[in-house]
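Below is one structure, written out as structure tokens, with a few remarks after it.
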Amino acid sequence: TATSPDFKVADLSLAAYGRKEIQLAEHEMPGLMAIRREYAEARPLAGARITGSLHMTVQTAVLIETLTALGAEVRWASCNIFSTQDHAAAAVAVGPEGTPDAPGGIPVFAWKGETLEEYWWCTEQALTWPGADTGGPNMILDDGGDATLLVHKGVEFEKDGKVPSPDTAESDEERVILQLLTRTVAETPQKWTRLSSEIRGVTEETTTGVHRLYEMHQAGTLLFPAINVNDSVTKSKFDNKYGCRHSLVDGINRATDVLIGGKTAVICGYGDVGKGCAESLRAQGARVIVTEIDPICALQAAMDGYQVARLEDVVETADIFVTATGNKDIILAEHMQRMKHQAIVGNIGHFDNEIDMAGLAKLPGVVKDEVKPQVHTWTFPDGRVLIVLSEGRLLNLGNATGHPSFVMSNSFANQTIAQIELFTKTSEYPTGVYVLPKHLDEKVARLHLDALGVRLTELRPDQASYIGVKVEGPYKPDHYRY
Ligand code: NAI
């Protein structure tokens with residue numbers, strides 16, 4: 001059955017350590033814990049089979065156990081090869097009541113330092129439900145859209161009647177996906193079509209995954225409805241910004257322990273993530289330069305007091321480079337070739353295509369060496385060394401432990417509410433991409449005020465009617481930008 005202890009993690013003996021950190025995190029995640037209490041009896045997710053593809057951290061463990069407390073069955077994989085915290089994965093596999101000898105948690109397939117083949121195998125395992133009629137989940141909880149992508153590709157190729165040859169792939173990752181689909185389609189004909197037939201929807205965590213969903217919807221290929229969790233205000237204006245403000249410097253420090261004060265740092269992209277990154281480096285005493293393509297964000301950066309420049313003009317003088325664009329090919333090999341000795345290069349955007357690692361590897365005479373896992377030096381023939389973090393993958397999760405609990409409580413409260421919405425009100429959401437209504441966004445914020453000692457001012461009825469809102473909210477029109 002789906003509750004059988006099938007899982008693959010690094011080391012079950014880490015479970016007790018993981019459990020202690022989960023218990024500490026629970027106190028720091030008041031939103032999730034309030035939702036657990038609110039729905040303890042109703043169990044609105046009873047009957048839900050949720051496949052999760054999201055960084056397998058301590059905070060995610062609290063999310064997973066919230067979903068199960070609400071009645072869901074869950075299978076999980078990480079959404080990045082470096083982001084799993086092995087003690088968290090072990091604790092989730094063992095479960096609150098189990099022991100390493102008699103695990104009783106949920107099927108989790110995640111460990112730190114997966115190969116690409118292992119990564120996509122784990123995603124497949126999370127999507128494959130041995131006990132279910134369709135063999136699949138009826139809900140997906142995604143971060144970056146890889147679980148959703150695998151289902152959509154599988155269905156597309158089954159419709160075409162064939163999977164393209166892996167030899168036609170344009171990247172290593174695409175080759176691995178095509179190999180996997182070639183195998184699964186041969187093993188279980190119509191696996192993906194059958195598996196997707198009961199999926200009621202997906203709730204998507206991040207900017208990049210949401211972008212993929214809108215593209216599929218516009219192309220008419222989206223198979224089921226989606227809730228864009230990222231664009232809840234209490235997600236993108238908190239996790240992306242304040243989360244990265246915390247975890248960017250954490251990643252740089254754990255990776256290099258270089259003194260940030262006095263250095264020059266370049267942040268590529270001044271969206272929600274870039275804003276948090278720039279603030280954290282400035283707070284450490286760095287001189288921060290921003291690059292942008294959007295005049296509005298460029299102007300914001302200038303007004304916030306940052307120099308706004310082009311990468312090619314500052315590439316020789318800066319010490320730290322961080323990409324935060326969600327776009328591709330931002331730092332190219334030709335840039336890296338011109339950087340200072342011991343410049344640090346890292347990415348905090350979702351995918352690893354912001355920094356041209358393949359191009360770097362092809363530069364004549366360049367030599368890669370491992371300092372420690374997720375920290376590499378690249379030495380050029382003239383002796384200059386470049387320090388690259390997490391091989392160009394998101395460094396806050398690869399080199400540190402990602403965002404802290406309190407901010408993730410906001411994101412994951414949105415995730416949980418979105419799962420309840422789509423699962424229980426399926427007919428109200430025809431295939432399309434939705435954001436949660438504002439009153440739920442405000443609810444998530446409200447759940448986090450007490451813990452910070454916030455005393456909210458109460459609107460008087462006459463004031464409420466003067467500004468045209470209800471006393472209990474929502475307080476802003478949908479177009480308000482915060
Ligand atoms: P956003 O859309 O708010 O910001 C991205 C910014 O990059 C935009 O202002 C855009 O104009 C700019 N940009 C695009 N191409 C550029 C180029 N060639 N040069 C300079 N700037 C460019 O997106 P957001 O929410 O800030 O997310 C950025 C990325 O970070 C996404 O991939 C997202 O999924 C990821 N993310 C990562 C997190 C983490 O913990 N590592 C947390 C949240 C999001």
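So here's what we get for this one:
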quantity: Counting DSSP beta bridges with both ends in the chain, the antiparallel % (nearest 5); calculated: 20 percent
quantity: Counted charge near Val62, where neighbours are those whose Cβ lies closer than 14 Å (Asp, Glu -1; Lys, Arg +1); calculated: 0
quantity: Cβ-based net charge around Gly104, under 14 Å, with every Lys or Arg adding one and every Asp or Glu removing one; calculated: -4
quantity: Pairwise centroid distance, computed over Cα atoms, of the range 409-450 with the range 370-403, Å; calculated: 37 Å
quantity: Average Cα contact separation per residue, the range 64-160, under 8 Å, 6 or more apart, as relative contact order %; calculated: 24 percent
quantity: Rg ratio (alpha-carbon, reference 2.2 N^0.38 Å) - the range 158-212; calculated: 1.35
quantity: Which of Ile387, Ser465, Asn414, positive extreme of dipole for the range 343-482 (C-beta unit charges); calculated: Ser465
quantity: The range 74-167: trypsin sites (Lys or Arg not before Pro) falling in loop per DSSP and having at most 14 other Cβ within 10 Å; calculated: Lys162
quantity: Where N is the number of residues in the range 131-180, Cα Rg divided by 2.2 N^0.38 Å; calculated: 1.29
quantity: Neighbour-count order for Phe321, Phe351, Phe238, fewest beta carbons within 10 angstrom listed first; calculated: Phe351, Phe238, Phe321
quantity: Protection proxy ranking, peptides 103-111, 298-306, 139-147, 262-270, average beta carbon neighbours within 10 Å, highest first; calculated: 139-147, 103-111, 262-270, 298-306
quantity: The range 241-364 - convex hull of the alpha-carbon atoms, volume per residue in Å³; calculated: 97 Å³
quantity: Total charge dipole magnitude, the chain, about the Cα centre, Cβ charges on Lys, Arg, Asp, Glu only, Debye to nearest 20; calculated: 820 debye
quantity: Cα radius of gyration and Dmax for the chain (Å); calculated: 22.6, 73
quantity: Local electrostatic count, Trp192, Cβ distance below 11 Å [Lys/Arg +1, Asp/Glu -1]; calculated: +1
quantity: Segments 244-251, 357-364, 208-215 sorted - mean Cβ within 10 Å per residue, highest first; calculated: 244-251, 208-215, 357-364
quantity: P(r), alpha carbons of the range 347-482 - 5 Å bins starting at zero, rounded %; calculated: 2, 7, 11, 12, 12, 11, 10, 8, 8, 8, 6, 4, 2, 1, 0
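Bear in mind that the values in this text are calculations on the coordinates, not laboratory data. All values reported here derive from a predicted model rather than from experimental measurement. Glycine gets a Cβ as well: all are built from the backbone with ideal geometry, and neighbour counts include every protein chain shown.
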